[in-house]
Amino acid sequence: MSMDMYRLPQVLQERVMRELQPGEVVSWAGQPDPRRLMLGGFALWLFFIPWTAFSVFWIAGASGFKVPDFSQPFEFFPLFGLPFLLIGVGGLSSPLWIYLKARHMVYVITSKRAFAMTGGRSITVESWSASQLEKIVRTERPDGSGDLVFATEIWRDSEGDRRTRQKGFMGIADVRMVEAHLQRLAATR
């Protein structure tokens with residue numbers, strides 16, 4: 001077993017061990033840097049700051065800029081703005097949710113496949129066999145950390161617009177070393 005496994009929190013080590021198939025050996029295991037992944041969530045702030053500010057202003061304006069006592073039926077009208085305010089607060093807290101999700105995420109390369117495991121109580125595992133690792137794209141930062149993308153998901157949203165999502169190991173330290181592990185696995189196909 002890889003020494004990298006012992007650097008994982010105990011609960012993640014146990015999850016990885018339960019996921020392994022008979023004869024499967026871990027060559028590398030690691031977690032993304034939660035702070036690095038969290039930075040991507042701040043892009044949403046550009047949208048949710050004005051959304052939340054407008055929601056607060058709308059609620060205040062609908063209540064006549066005073067605290068309602070709800071003695072008149074019309075004074076309940078400002079409450080229609082609460083769902084929009086909650087959406088805004090949820091959007092502003094998205095970096096925190098991304099950070100917490102990353103702490104429960106683990107990337108693993110074994111003798112048979114690569115997989116990403118995420119989740120708290122319920123666990124999602126996405127696996128890639130050696131034959132699915134044909135094209136690995138590395139993005140490396142000056143500190144040696146980076147992303148390894150080896151799959152792209154393409155779909156159409158409800159409005160018919162084309163959407164893509166890159167899949168792989170994101171926000172990992174020593175990206176070149178992890179890429180070498182993936183290339184050795186890919187060579188076994």
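What to note about this one:
- Relative contact order (%) - the chain, alpha-carbon pairs under 8 angstrom, separation at least six: 22
- Over the stretch 48-117, the alpha carbon radius of gyration divided by the compact-protein estimate 2.2 N^0.38 Å works out to 1.88.
- Most mobile listed residue (13, 166, 72) in the chain, GNM with C-alpha springs under 10 Å: 72
- Cα centroid separation, the stretch 108-126 to the stretch 9-55 (Å): 12
- Taking 0.36 nm per residue of separation and subtracting the Cα-Cα distance, full extension of the segment from residue 58 to residue 71 would add 2.7 nm.
- Here the mean projected area of the convex hull built on the C-alpha positions of the stretch 32-164 is 12.9 nm².
- The stretch 1-107 - Rg over Rh from alpha carbon coordinates, Kirkwood radius: 1.31
- Inter-label distance, nm, simple model (7 Å from Cα along the C-beta direction), residue 10/residue 79: 4.8
- Linear extension gain, residue 20 paired with residue 112, 0.36 nm per residue minus alpha-carbon span: 32.2 nm
- The stretch 1-153 - percent of accessible surface contributed by carbon and sulfur, probe 1.4 Å: 66
- For the chain, the solvent-accessible area works out to 62 Å² per residue, with a probe of 1.4 Å and every protein chain left in place.
- Accessible-area value, residue 118, 1.4 Å probe, nucleic acids and ligands omitted, Å²: 30
- Once all protein chains are placed together, residue 167 keeps about 40 Å² accessible to a 1.4 angstrom probe.
The values are calculated or read from the model by the stated rules, or taken from the named source; none is laboratory data. Predicted, not measured: the structure shown is a model, and the values here were computed from it. Quick reminder, even Gly has a Cβ in these numbers, built from the backbone with ideal geometry, and neighbours come from all protein chains shown. SASA here: full protein model, heavy atoms, side chains in, ligands and nucleic acids out. Shrake-Rupley method; radii C 1.70, N 1.55, O 1.52, S 1.80 Å.
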